[in-house]
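Here is the structure we will look at.
The values are calculated or read from the model by the stated rules, or taken from the named source; none is laboratory data. None of these values were measured; they are calculated from a predicted model. Glycine also receives a Cβ, built like all others from the backbone with ideal geometry; neighbour counts cover every protein chain displayed.
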Amino acid sequence: MVDTMPDGTVAAENRTNDVSDTSEVKLPRIGGSLLMVFFFLLVQGLVALSVGLMFGQSLDEYSLIAWSMFATDLVLFLLLYQGLRAKGGVSAFAVGVRIPTIAPRHYLALVVALFAVCFALDELYSWYLGEELQQDIREIFTALMSSNDPVAFSMWIFAVVIGAPIIEEFIFRGYLQTALVKKLGAFAGILIASIIFAAIHFDLQAFPILFVAGASFGFLYHKSKSLLPSILLHLAMNIWASAYYIYF
């Protein structure tokens, strides 16, 4: 068990994976984590506006989207890094930057199983609706592939396949879910974090599948106490989706 201190920190000597110092680990709080979600959306908007103002005359619509996504990821990576390094800030250990507490064969098996479940549900839901989900993303892939702009296409792939899974897992599982679970318990914490994760994609039709995906990431994070398994599953799902949009 982890002993929580009165000020919301956790004694480091109670960590579960070979941390021997006796410093305290500061946990994220719900208010601060919700503010991070708002800031996540704000940065996306501000960066998109900035890229549009700077390159709007020289890039087409889809290249602008790719540049904006790439620039947003770089800004968020930098801000997350600086935040985790800040003295007196939330500990990286507290938001899942640690070795998983379950064996690799176990969390990898969970990654494969949850990937299969999410894929099957996505296919069933698409069949039920009679149309493919997130067609706007397919449209971007198609446009960038036919635009003869390998730089923009590479930026888009990086943003979708690598940047989004890492940044979103830090914000929605590492910060938000950790704070919610600490206050409300595992079930409510994972549930609320998954609802918010699905909602910020602003795609009502895809909301059920995005919620299931978020809950899967949340379960993996809660089970392993590490962001690594949830990032791996998120990466696998985005890689599969990207490959599907490109080749099918």
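Report yes if Leu180 is of a type outside the set (Lys, Arg), within 29 Å of Leu79 (Cβ to Cβ) and touching a residue at least 60 places away in the same chain (Cβ under 8 Å), otherwise no.
In short, yes.
I'm trying to understand the selection: among the residues of segment 26-79, which are surrounded by 21 or more Cβ atoms within 10 Å (Cβ to Cβ) and outside any helix (DSSP H, G or I)? Those that are surrounded by 21 or more Cβ atoms within 10 Å (Cβ to Cβ) and outside any helix (DSSP H, G or I): Leu27, Pro28. Quick check on segment 153-168. Is at least one of its residues in contact with a strand residue (DSSP E or B) (Cβ under 8 Å, 6 or more places away or on another chain), in a helix (DSSP H, G or I), touching a residue at least 12 places away in the same chain (Cβ under 8 Å) and not polar (S, T, N, Q)? Within segment 153-168, none of the residues are in contact with a strand residue (DSSP E or B) (Cβ under 8 Å, 6 or more places away or on another chain), in a helix (DSSP H, G or I), touching a residue at least 12 places away in the same chain (Cβ under 8 Å) and not polar (S, T, N, Q). Out of Arg105, Arg85, Arg98, Arg138, one residue alone is under 23 Å from Phe153 (Cα atoms) and basic (Lys, Arg). It is Arg138. If the condition is being part of a helix (DSSP H, G or I) and touching a residue at least 24 places away in the same chain (Cβ under 8 Å), then segment 109-135 contributes Leu110, Val111, Leu114, Phe115, Val117, Cys118, Phe119, Leu121, Asp122, Tyr125, Leu129. Against the test of being farther than 23 Å from Met145 by Cα, surrounded by 13 or more Cβ atoms within 10 Å (Cβ to Cβ) and at pLDDT below 95, the options Gly88, Gly83 yield a single qualifying residue, Gly83.
For the criterion of being free of Cβ contacts under 8 Å to residues at least 40 places away in the same chain, out of contact with any Phe, Trp or Tyr (no Cβ under 9 Å at 6 or more places or on another chain), β-branched (Val, Ile, Thr) and surrounded by fewer than 23 Cβ atoms within 10 Å (Cβ to Cβ), Ile192 passes. When the residues of segment 207-248 are filtered to those that are touching a residue at least 24 places away in the same chain (Cβ under 8 Å) and of a type in the set (Phe, Trp, Tyr), the one that is farthest from Leu133 (Cα to Cα) is Tyr221.
Out of Ala143, Ala199, Ala152, one residue alone is modelled with pLDDT of 95 or more and either of a type in the set (Gly, Ala, Ser) or out of contact with any Lys or Arg (no Cβ under 6 Å at 6 or more places or on another chain) (or both). It is Ala199.
Would it be correct to say that Leu228 is in a helix (DSSP H, G or I), surrounded by fewer than 22 Cβ atoms within 10 Å (Cβ to Cβ) and touching a Lys or Arg at 6+ places or on another chain (Cβ under 9 Å)?
Considered against the rule, which asks whether it is in a helix (DSSP H, G or I), surrounded by fewer than 22 Cβ atoms within 10 Å (Cβ to Cβ) and touching a Lys or Arg at 6+ places or on another chain (Cβ under 9 Å), Leu228 comes out as yes.
Out of all the residues in segment 184-211, which are out of contact with any helix residue (DSSP H, G or I) (no Cβ under 6 Å at 6 or more places or on another chain) and assigned to a helix (DSSP H, G or I)? Selection gives Leu184, Phe187, Ala188, Leu191, Ile195, Ile196, Ala199, Pro208. Within segment 162-170, none of the residues are touching a Phe, Trp or Tyr at 6+ places or on another chain (Cβ under 6 Å), crowded, with 21+ Cβ neighbours inside 10 Å and of a type outside the set (Ser, Thr, Tyr).
Per the conditions (1) out of contact with any strand residue (DSSP E or B) (no Cβ under 9 Å at 6 or more places or on another chain); (2) assigned to a helix (DSSP H, G or I), the sole criterion not satisfied by Ala94 is (1).
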